[in-house]
Structures are given as structure tokens and as C-alpha cells.
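Engineer: Here it is, the structure in full.
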Amino acid sequence: MKEPGESATMTAPGSDSDMLRTTGDSGWFTQDRFGLFIHWGLYSMGARHEWMQARERLSPEKYGKYFNRFDPDLYDPNLWAELASEAGMKYMVATTKHHEGFCLWDSAHTAYKATNTPVGRDLLSPMIEAFRERGMRIGLYHSLIDWHHPHYTVDPKHPLRFDPLFIEASKRRDFAQYRAYLHAQTKELLTGFGKIDLLFYDFSFPEEGGLPGKGKEDWGSEELVRMIRTLQPQILLNDRLQTGGDITTPEQYMPREWVKVDGKRVVWETCHTFSGSWGYYRDEESWKSVDTLVKMLIDAVSKGGNLLLNIGPNARGEIDERAVDRLKGIGKWMKRHGRSIYGCTAAPETFECPQDCRLTYNPSTNRMYVHVYSWPYKSIHLKGFAGKVEYAQLLNDASEIRFKEGVVASSMVNGAYREGRDESTLSLSIPVKKPNVTVPVIELFLKP
């Protein structure tokens, strides 16, 4: 995965000889664990999915009505950044250009940009500045696909993939000109906005239905990566250029275990929506609960990964009130439980996770965190923990959790009761009533 001539590589906390190294600096990434994805573009006006142009087979001319009326007059990136920071997020990834081809910044290489719409200004620069002011790392999403560019050719994802006239006209397009445009815009993004910590490309795909796919040869991925590493050597790249990358990016599903490539663990991040769409979708109702979202974050970290959680602002520049509600709920939990997430990773394999729980481990502090998904009656039995714990407490209020360990041979009259612990098990004596938090966490101070 390392590009020729690059500097020393970084590894994630808790990594070992089975961990693939990254070329970019992944140290901050595996520390921060939780980020905000932002999908915003002209599709927010249609308010029915960011892929609406492809789904409805809209030509650039028909789609142009949104460009002519795009005016997010209530856009306040400081409010976005404040909400993300209070939710416990430590980095952001914003769409510079989605598949529709519309650019949020004042690109010198196209007229299809925010500065030429009624809003009349660069929308990306103030967003980056607002998040930086809150100490958050900056990531940029850039679509490899572009349904507006005059030399982007037909493929299985294109809105006009079923139009025979367009398919025939596409043969006369010069994709090399689009490739040069892709590289030029990447250079623009990496030289005009200061240090960029993460670059998220989207995406390569195979042939389908008789139409060619697009991959690394089309994008000029190897040349593109060389340029990126020269301009910003520490930047993290995702894996969708088909040249490896620093970060593996499962989308809209939770891996069953630490993600591996060629048998080795990798730095990974799963990206998810609050509902069923990345862009603003007015009528979509499959919104995840705060409980589900918190557990998704815990699940990711317990398997050595990150969670990138997406918002789709509306066409006036505001975050959907349903997303605001969830972010505030997550923030309430993170305020008291963040240290079971930040800097944490999967527990060493010598520790067995108890039923209905998830374990995260901080190798720097040598603390284990037991996230209790289903609150049991009076006891949590930790097999393999006996003799390894100095102290235990509930994380939300730092109240002590007493514990017992080792074999208990005593029994009550007639043998009616026997606790039945074996010598390797530590039993936490928990309160009968579940703490009033979304997911209770027990912090274990391990012995050196």
C-alpha cells in the first residue's frame, strides 16, 4: 500500500504484525474514531435522494432547473460544526462534488459551481474554516463520476444509460479530457484549502448490461495518487481508486470482525446514513434511533474501526431536524462515555466478551470498557478476567462496581445455591436498576 519514495508509515493503536501499514498518517484517525459525513448539492432541492438524476434518467438540461435556483440562504457552517463537535465527532468529510458534477467551491475548471448559482459564493471554504476552528480534522469527498462534464462517457451508472442517442454520441467524447479535469480539480482542492487530512474518492465499478465500467485505468489512479502524495504526503486516502489506499471503507453495513485485506488487518471506517439516503430526502422515514446509532459506533470501535455518520442538509442550508435530534442524543451519551471510544480499539483476543456486551480497549491507558447492550440481573461474568482487574466503575458517574473472582465452593443449605464461577472468571456486582443512559459502560482498570 505504500507509494514509492514516501516517508515512514504509521500504524493504528493496538496494531500488530498482522496489521497493514498506511502511507498517510493514520494515528489521528484511529484516535478520533467518530466523524461527520456531509452530502450536499443540487439534489437537496429535489429532496428525494442524491441519486435522483440517475434514478429518474434526467438529462443535464432537465436537471439544470436546480442549478438555476440553488440559494441556501440559511446556510451557517458554524452551526453545523458546533452540532458535530457537541455530538463528539472529531473530523468531517464534506462532498466537494457528487456524481451530479456540481462543485461547492469556486473551481477554476468549470462554470458548474456554487458561485454561479443564486447563492453566488463559495460554500466549501467557510465550512472547512468552521470545522477547523473547533479543532476538527478536515476530509474531502470527491466523486470520480461526473454526469455533467461534456467528456464523461456513458456507463452503467449514467442517467442516460438507456438513451441510444446518448450512447452513440458518447463514442465521440474524449474521456482523457475528463481525466485531466479530475486531476486538475484534485490539485485545486489540495492546494487551495490548507492541510487536508483525508481524501475520500467515490467510486470504481464493473461493466454491466453491456456498458463498460470504470476503474483505475480510466481515472489514471496511479498518476493521481503520486500527485496527491507529493502535494500532501500525510493525507489519508480511501480505497476506491483501486490502488490500495490507506483506509478500507465498507458502506452501509457493519463488518462482523476487524476488516482484513489479504489476511491482514487494515485501518477501516464504515460510513452510514441516519436514514435511507445520503442527500436530503424530505419524505424518507426509516430513521435510526439514538440507541441504534450509539451501538453502531461502539460496534465499529470494538472491531478496530471508525464510524462516519452522514447528514444531508436541505436546500436552504439547514440540517434536518431529525438528524439534529439524533446528533444531540449521541452527544449526550458521548459526553460521559467518550473515553470508551477515543483512542480505543478491539480488545485483545485473550479477553472473552460477555453475552449482550461489546468490549473496547485503550492500549495507552490499559483500560477495558464493557458496553452493556442488555442490562442483566445483578451480575456480569467476565471469563478470562480474573486476576487482571484492579478497579471497576460505571463510566457515566464514576460509581464503584464491586467484583468477585476465582472459585466459590460454598453453598447454601441442601446445596440449593452455588455461584459456580470458575477460576478464570471475574463477576461484576451491578445494580439491579439499569443506569439512565443509552448504553451503560463499565470501565475496568487493568493491572499492569
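The values are calculated or read from the model by the stated rules, or taken from the named source; none is laboratory data. Everything numeric in this text was worked out from a predicted model, so none of it was measured. Because the Cβ atoms are built from the backbone with ideal geometry, glycine has one as well, and the counts that use them run over all protein chains shown. Just so you know, the surface numbers come from the protein's heavy atoms only, side chains and all, with ligands and any DNA or RNA stripped out. Shrake-Rupley method; radii C 1.70, N 1.55, O 1.52, S 1.80 Å.
Engineer: Restricting attention to segment 251-259, does a residue exist that is over 20 Å from Phe34 (Cβ atoms) and either open to solvent by less than 40 Å² (accessible area, probe 1.4 Å) or among the small types (Gly, Ala, Ser) (or both)?
Structural biologist: Checking segment 251-259: not a single residue is over 20 Å from Phe34 (Cβ atoms) and either open to solvent by less than 40 Å² (accessible area, probe 1.4 Å) or among the small types (Gly, Ala, Ser) (or both).
Engineer: Is there any pair with a first residue in segment 311-329 that is over 16 Å from Ser275 (Cα atoms) and a second that is at pLDDT below 95 and part of a loop (DSSP other than H, G, I, E, B) whose Cβ atoms are under 6 Å apart and which are 6 or more apart or on different chains, and what are they?
Structural biologist: none
Engineer: Which of the residues belonging to segment 359-370 are buried (at least 16 other Cβ atoms within 10 Å of the Cβ) and either under 19 Å from Gln31 (Cβ atoms) or at pLDDT below 95 (or both)? Even if it seems obvious, please write down each step before you answer.
Structural biologist: Going through segment 359-370, the residues buried (at least 16 other Cβ atoms within 10 Å of the Cβ) turn out to be 359-362, 367-370.
Correct list: Leu359, Thr360, Tyr361, Asn362, Arg367, Met368, Tyr369.
Engineer: How about segment 36-77: which helices (runs of 4 or more DSSP H) wholly inside it have at least 3 residues that are over 23 Å from the mean Cα position of the chain (by Cα), among the aromatic types (Phe, Trp, Tyr) and modelled with pLDDT of 95 or more? Spell out how you get there, then give the answer.
Structural biologist: Working: elements: 43-46, 52-55, 60-67.
Counting at least 3 such residues, we get 60-67.
Engineer: Only one of Leu83, Leu140 is under 24 Å from Tyr342 (Cα atoms) and either aromatic (Phe, Trp, Tyr) or in a helix (DSSP H, G or I) (or both); which?
Structural biologist: Numbers: Leu140 fails: either aromatic (Phe, Trp, Tyr) or in a helix (DSSP H, G or I) (or both).
Criteria check complete, one pass: Leu83.
Engineer: Could you check segment 72-117 and list, in sequence order, the residues that are crowded, with 21+ Cβ neighbours inside 10 Å and polar (S, T, N, Q)?
Structural biologist: Thr95, Thr96, Ser107
Engineer: In addition: So which residues in segment 355-370 are under 15 Å from Lys383 (Cα atoms) and in a strand (DSSP E or B), if there are any at all?
Structural biologist: Cys357, Arg358, Leu359, Met368, Tyr369, Val370
Engineer: Can you name the residue in segment 273-310 that is under 13 Å from Ala47 (Cα atoms) and within 16 Å of the chain's Cα centre (by Cα) and is also surrounded by the most Cβ atoms within 10 Å (Cβ to Cβ) among such residues?
Structural biologist: Gly279
Engineer: Write out, first by first residue and then by second, each pair whose Cβ atoms fall under 9 Å of each other, whose residues are 6+ apart or on separate chains, and whose first residue, in segment 414-428, is at negative phi and part of a strand (DSSP E or B) while the second is of a type in the set (S, T, N, Q) and at pLDDT 50 or above.
Structural biologist: Every condition considered, the pairs that remain are Ser427/Ser379; Leu428/Ser379.
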